[in-house]
Amino acid sequence: TVASAPSAALATPVVAGEALADGVVRLSWLDASEGESVFRVQLRTPGGAWVDHAILPAESTSFVDRGLRGGVVYVYRVRAEGLGRMGEWSAPAEVETPFAAQWQHVRIGGAVSGSTDIRPGEHYDVVAGGRDVWGFADELGFIYRHVSGDFDYAVRIIALEGDDAGRMAGLMARSSIEAGSRNVYVKLREGDVRLTSRRVDDGQTTSDASLPTAGAFHWLRLRRIGGTLIAYTGTSGTEWAEVGRVNVALGTDLLLGLATSARSEMGTVTARYRDLVDLRSTTSLPAAPTGLQGVLSGGVVELSWKDASGGRSAFVVQRRTTGGLWQDLGFVGEGITQFSDTGAAADVLYEYRVAGETAAGTGPYGDPVSVQA
């Protein structure tokens with residue numbers, strides 16, 4: 001809906017808010033107004049005063065707020081404004097930001113454990129025992145945190161020292177800390193990186209895929225998209241080779257972390273983990289999307305592009321008429337690389353562009369494409 005002569009009163013938005021990640025909140029609403037110029041967003045904490053927080057262009061239907069503190073209830077309201085008119089404020093939308101999840105250490109299956117030095121953001125040094133992560137039950141040391149939904153974590157292993165050639169260290173997702181829990185494990189061993197899984201509680205572990213390794217430094221990566229878990233390995237932390245993928249029903253909420261086992265009755269293994277990172281909220285901005293294409297079909301402009309962010313980015317779509325100002329048109333989530341513009345006016349030449357967006361912010365826009373509606 002674009003600005004026009006004053007007519008009916010501006011509609012009151014119905015606003016919903018959700019906490020997306022540590023320190024990130026998204027607001028969304030339906031744009032039911034005709035003739036608004038902007039949407040104004042205000043914010044307060046309980047007991048505080050309302051303050052202007054953002055002004056968004058016409059046709060906006062969402063707002064992502066970043067850099068918030070954990071464990072705080074934030075209250076938002078939104079109204080439409082345009083051509084001397086002020087709509088009514090929406091009903092307040094309250095969103096409580098979660099505290100940052102903390103890493104914990106546990107011995108699973110009675111594994112022998114030595115010293116464990118955890119300094120989040122710096123290093124995770126583990127001395128652990130454990131007979132194996134195999135069969136119907138596991139023995140290992142596990143440094144974990146609770147996660148929900150999709151995830152994408154990577155870690156670098158700089159040392160894996162022990163007597164048994166089968167000693168192992170890597171990234172694991174488990175449904176619980178019970179020894180027979182369902183799990184998916186991408187692990188570094190002497191000579192290879194291997195993907196294993198247990199698909200049912202107390203069931204048999206299977207070996208799903210492996211790749212040979214060489215050199216002293218190894219990166220591992222474990223990613224979940226829906227019910228699919230994908231394991232990768234690499235030597236740089238930026239280029240990845242897929243080890244394999246499995247479908248395991250671990251549930252929405254699960255335990256994700258660093259799993260270390262000596263594969264020994266009484267001995268231990270020392271694993272030194274570095275650069276543990278959540279690739280979905282890394283401080284680097286996502287790369288610009290490539291290959292943007294636009295096609296007019298039945299009065300709707302259909303856009304598609306290629307994701308250059310490694311699958312960790314959502315996308316912002318902008319539109320303008322030739323020579324005009326860019327305005328936000330829409331937002332799509334991770335893994336979606338297409339968008340339909342159902343509001344394009346006939347016989348107008350539009351330009352479109354797309355940028356990736358993560359918790360770190362909005363990355364550069366890719367090359368625009370022109371479409372005659």
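State, as an integer percentage, the relative contact order of the chain based on alpha-carbon contacts under 8 Å between residues 6 or more apart.
Relative CO of the chain lands at 14 percent.
Using DSSP to call loops (not H, G, I, E or B), can you name the GluC sites (Glu not before Pro) in the stretch 243-338 whose Cβ has at most 16 other Cβ atoms within 10 angstrom?
Numbers: sites: GLU265, GLU302, GLU334; in loops: GLU265, GLU334.
Loop-located and lightly packed - GLU265.
If you count only protein heavy atoms with a 1.4 Å probe, what accessible area per residue comes out for the stretch 149-234, rounded to a whole Å²?
35 Å²
With each pseudo-label sitting 7 Å past Cα toward Cβ, what's the GLN338-ARG320 distance in nm, one decimal?
2.8 nm
What whole-number volume per residue, in cubic angstrom, does the convex hull of the C-alpha atoms of the stretch 291-373 give?
Looking at the stretch 291-373, the number lands at 84 Å³ per residue.
Ordered by packing density, taken as the mean number of other Cβ atoms within 10 Å over each peptide's residues, highest first, how do 324-331, 257-264 rank?
257-264, 324-331
Using a 1.4 angstrom probe, figure out how much accessible area the stretch 42-102 has per residue, in square angstrom, rounded to the nearest whole. Can you show the working numbers first?
Details: 3140 Å² over 61 residues.
So the stretch 42-102 comes to 51 Å² accessible per residue, rounded to a whole number.
Would you mind estimating how fast the stretch 172-227 diffuses translationally, via Stokes-Einstein at 20 °C and 1.002 mPa s with the Kirkwood radius over Cα pairs, in µm²/s? Can you show the working numbers first?
On the way: Rh = 12.4 Å.
Translational diffusion coefficient: 173 µm²/s.
Could you rank the peptides 269-275, 246-252, 285-291, 76-82 by their average count of other C-beta atoms within 10 Å per residue, with the highest value first?
76-82, 269-275, 285-291, 246-252
How big is the Rg/Rh ratio for the stretch 233-373, C-alpha atoms only, Rh by Kirkwood, two decimals?
Value, to two decimals: 1.16.
Roughly speaking, to the nearest percent, how much of the stretch 215-373's 1.4 Å accessible area is carbon and sulfur?
Heavy-atom surface of the stretch 215-373 belonging to carbon and sulfur, 1.4 Å probe: 48 percent.
As an exercise, take the mean of 1/r over every pair of distinct alpha carbons in the chain, invert it, and state the Kirkwood radius in angstroms.
Answer for the chain: a Kirkwood hydrodynamic radius of 23.2 Å.
If you place +1 on the Cβ of every Lys and Arg and -1 on the Cβ of every Asp and Glu, how big does the dipole about the Cα centre of the chain come out, in debye to the nearest 20?
It works out to roughly 420 debye.
If you average 1/r over every pair of different alpha-carbon atoms in the stretch 41-108 and take one over that average, what Kirkwood value in Å do you get?
Working: mean 1/r = 0.0693 Å⁻¹.
For the stretch 41-108, the Kirkwood estimate is 14.4 Å.
So for the stretch 160-262, Kirkwood radius off the Cα pairs, Stokes-Einstein at 10 °C and 1.306 mPa s: how many µm² s⁻¹?
D = 115 µm²/s.
Assign unit charges at the C-beta atoms only (+1 for Lys and Arg, -1 for Asp and Glu), then state the dipole size of the stretch 109-208 relative to its Cα centre in Debye, rounded to the nearest 20.
200 debye
Once you list every other residue whose beta carbon is under 9 Å from the beta carbon of PHE315, what net charge do they have if Lys and Arg are +1 and Asp and Glu are -1?
Every neighbour counted, the sum reads -3.
Could you point to the residue in ALA16, TRP29, LEU140 farthest towards the positive end of the chain's charge dipole, with +1 and -1 charges on the Cβ of Lys/Arg and Asp/Glu respectively?
LEU140
Viscosity 1.002 mPa s, temperature 20 °C: what is the translational diffusion coefficient of the stretch 40-79 from Stokes-Einstein with a Kirkwood Rh over Cα pairs, rounded to a whole number of µm²/s?
Approximately 192 µm²/s, per Stokes-Einstein.
The values are calculated or read from the model by the stated rules, or taken from the named source; none is laboratory data. Quantities reported herein were computed from a predicted structural model and do not represent experimental measurements. All Cβ positions, even for glycine, are placed from backbone atoms using ideal geometry, and neighbour counts span all protein chains on display. What goes into the accessible areas is simple: the full protein's heavy atoms, side chains included, and nothing from ligands, DNA or RNA. Shrake-Rupley method; radii C 1.70, N 1.55, O 1.52, S 1.80 Å.
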